[in-house]
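The values are calculated or read from the model by the stated rules, or taken from the named source; none is laboratory data. Note that the coordinates shown come from a computational prediction; the quantities given were computed from them, not determined experimentally. Backbone-built Cβ (ideal geometry, glycine too); neighbour counts: all protein chains shown.
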Amino acid sequence: MSTTTDPYQPVEQRYEIVRRILDVMAAYPPRLVIQTRAPLVVRDTDRLQAIVEAGGRVQVNMTVTTDNDDIRRAMEPQCPRNEARLKAVARLNESGIQTCITMTRLLPVKDTDAFARRMLETGCQRFIIQPFHVGRGQQQFQRGTRDLAAG
């Protein structure tokens with residue numbers, strides 16, 4: 001679910017469209033990967049567990065791009081804070097749902113050791129890292145954030 005648009009948009013909290021889709025998926029258990037920035041995914045833990053119990057596979061990929069909240073606000077102004085995302089990863093792991101932290105595009109990080117330690121504290125064991133390359137097809141992205149993105 002979602003390589004380009006997060007399934008857990010703010011409207012999801014009200015309409016529960018993803019939640020209802022997960023109910024249907026439990027009847028036909030898929031191999032499911034959910035890519036999100038939204039801690040709201042924790043709300044659906046019971047649905048994700050139902051898919052696993054029915055024979056499917058589930059992995060929730062949570063995007064965390066930096067430990068610098070100023071950069072996060074500039075680059076992802078509508079997205080939840082990273083600490084909320086990491087708490088969601090920990091809760092999913094505690095409930096037996098497989099997780100992955102995706103650092104795509106990895107933005108500048110203030111304290112790499114603390115950043116790595118905090119991610120490991122979630123219990124997550126899978127990570128995807130994609131560095132941010134200034135000037136390689138990023139012109140559209142950099143238009144409004146060039147100085148900050150260049151770091």
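Some notes on this structure:
- Helices (runs of 4 or more DSSP H) wholly inside the range 46-151 containing at least 2 residues that are at pLDDT below 95, at negative phi and polar (S, T, N, Q): 139-142
- In the range 10-48, of all residues being polar (S, T, N, Q) and crowded, with 16+ Cβ neighbours inside 10 Å, the one that is nearest to residue 77 (Cα to Cα) corresponds to 36.
- Within the range 24-45, being part of a helix (DSSP H, G or I) and in contact (Cβ under 8 Å) with a residue 24 or more places away in the chain holds for 25, 26, 27, 39, 40, 41, 42, 43, 44, 45.
- Against the criterion of being touching a residue at least 40 places away in the same chain (Cβ under 8 Å) and surrounded by fewer than 17 Cβ atoms within 10 Å (Cβ to Cβ), residue 104 qualifies.
- Pick from the range 49-60, criterion in contact (Cβ under 8 Å) with a residue 40 or more places away in the chain and surrounded by 22 or more Cβ atoms within 10 Å (Cβ to Cβ), ranking: farthest from residue 127 (Cα to Cα): 58
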